[in-house]
Amino acid sequence: MSHLPILSTPWAMRATAAYRIATWGPGRLGCLAVSHVVSSRGLRTPARGQRTSGQPRSQAALIVKPDSVARTSPELAQPTLTPNIIQDPTSCTTVPTKDSKTPVRTPNHEHADRIFRKPAFFIKSATTLKQINNLTAPEVVFLGRSNVGKSSLINALVNRNGLVKTSSKPGHTSLMNFFGLAPVPPHSSVLTLVDMPGYGFRSRREWGKFILSYLSERNQLCGAYMLIDSKVGELKSSDHHMIELLTKHQIPFQVVLTKADKAKGTDSVVEKLTAELNQKSAYFVQPIIPVSARKKLGLTALRLTVLMTCNLSPSAI
Ligand SMILES: Nc1nc2c(ncn2[C@@H]2O[C@H](COP(=O)(O)OP(=O)(O)OP(=O)(O)O)[C@@H](O)[C@H]2O)c(=O)[nH]1
Ligand SMILES: [Mg+2]
């Protein structure tokens, strides 16, 4: 367990975060939405697996890295998983260079790729939580600034160019879109992937309210993937606000460096961001994963961590 400095009371932290969200691009929320978020949630156990609601909030929960996201958790410490996640150059975190050795693929990598070859399908767009009540599969959400590559990454993960619409124009995705993976669509979905509208430049204020209620109340949500453009290579203020929001709602999140084909080297960026995020949030989960949707790099590593985040054993599906 690692401890973060206690900055203030949980209530003050929540109020501060709520104020910041109220002034942030995708939200620019009215006071009503903010006070709803501040007062409505109980502590949920962030998880590899579904979170539960209704447990009391405690300050301890805000300052202690939860076991389920600590890097020392037995699950991540499994020798068959962790070293390969971190070291396998093609299928995992590192974008391979010309000098890379032939990657070693473990059965877990094979399983992860196999699961993501199951038919992927569009379920629905939503603007209220009620519209997604019937979606019960474990869920992960892809978040990030406009144009960072969220929609392209989902297409690449499920091997379906065109499943999610992409555009070079920022602000293209304008609703929360839900996608399923299932042996026999649309039944028995094993996993739900959520594509968010981008925040920051060209985002729209009306997205904020639903996104806030989604993050604060959605029990199916197992974790978030926060995308950073590897060419940008740093957290912008809107990313900081999102991290505060994820932390406030105790949602474990992992960072994905997108468009790695365009960046010269991602190692130093990974190192710098890892140190910064470890300081900033107890809900940050390592490792940071560089990917390229265009060159299909790093995708297997991401698939495997998505399955782990959702507590879906790759070999059991
Ligand atoms: N070079 C490169 N370009 C990429 C990659 N992934 C996405 N892009 C490009 O980045 C642009 C934005 O991609 P999207 O997937 O639409 O980004 P988004 O985050 O969904 O954008 P919004 O929905 O507007 O928030 C498009 O022109 C993509 O072709 C990548 O891996 N490499
Ligand atoms: Mg998009």
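Name the long-range amide H neighbours of Ser281: under 5 Å, sequence gap of 5 or more, or other chain; modelled H, no Pro or chain starts.
Residues meeting the amide H criterion: none.
For Asn159 paired with Glu110, estimate the spin-label separation in nm (one decimal), with each label point 7 Å from Cα along the Cα-to-Cβ line.
Distance between the two pseudo-spin positions: 1.5 nm.
Cα centroids of segment 108-132 and segment 245-274: how far apart, whole angstrom?
After rounding, the separation between the Cα centres reads 22 Å.
Before I look further, what does segment 189-317 give for accessible area per residue, probe 1.4 Å, in whole square angstrom?
Values: 4310 Å² over 129 residues.
Normalised by residue count, the accessible surface of segment 189-317 is 33 Å².
Let me know the Kirkwood hydrodynamic radius for segment 104-242, please, with Cα pairs as the basis and the value in Å to one decimal. Don't skip to the answer; put the middle values down first.
Values: mean 1/r = 0.0637 Å⁻¹.
After inverting the mean inverse Cα-Cα distance, the result is 15.7 Å.
Check cross-link reach from Lys130 to the lysines: straight Cα distance under 28 Å, and skip same-chain residues fewer than eight apart.
Lys118, Lys150, Lys165, Lys209, Lys248
What are the ³J(HN,Hα) couplings of segment 292-306, residue after residue, when phi is run through the Karplus curve with 6.51, -1.76, 1.60 and θ = phi - 60°? Round to Hz, x for glycine and proline.
Per residue, the Karplus-derived 3J(HN,Hα) values read 9, 5, 5, 9, 6, 10, x, 6, 5, 4, 5, 4, 5, 5, 4 Hz.
So who's got an amide H within less than 5 Å of the one on Tyr199, skipping anything under 5 residues away but keeping other chains? H placed 1.01 Å off N, in plane.
Placed amide hydrogens put Gly144, Arg145, Ser146 under 5 Å from Tyr199.
Using a 1.4 Å probe over the heavy atoms of the protein chains, calculate the carbon and sulfur portion of the accessible area of segment 257-317 as a whole percent. Numbers along the way, then the final one.
On the way: 1160 of 2470 Å².
Result for segment 257-317: 47 percent of the exposed heavy-atom area is carbon or sulfur.
Rounded to two decimals, what is the ratio between the C-alpha radius of gyration of segment 173-253 and 2.2 N^0.38 Å? The partial results should precede the final answer.
Details: Rg = 14.1 Å, N = 81, 2.2 N^0.38 = 11.7 Å.
That ratio works out to 1.21.
Report the semi-axes of the equivalent ellipsoid for segment 208-317 in whole Å, largest first, where each axis is √(5λ) for an eigenvalue λ of the Cα gyration tensor.
Numbers: eigenvalues 99, 75, 31 Å².
Listed largest to smallest, the semi-axes of segment 208-317 are 22, 19, 12 Å.
State, to one decimal in nm, how far the label point of Asp267 lies from the label point of Thr136, with both points 7 Å from Cα in the Cβ direction.
Taking the two extended label points, one gets 4.8 nm.
The values are calculated or read from the model by the stated rules, or taken from the named source; none is laboratory data. Model, not experiment: these values are computed from the prediction. No Cβ is skipped: glycine too gets one built from the backbone with ideal geometry, and neighbour counts run over all protein chains shown. To get the accessible areas, we keep the full protein, side chains included, count just its heavy atoms, and leave off ligands, DNA and RNA. Shrake-Rupley method; radii C 1.70, N 1.55, O 1.52, S 1.80 Å.
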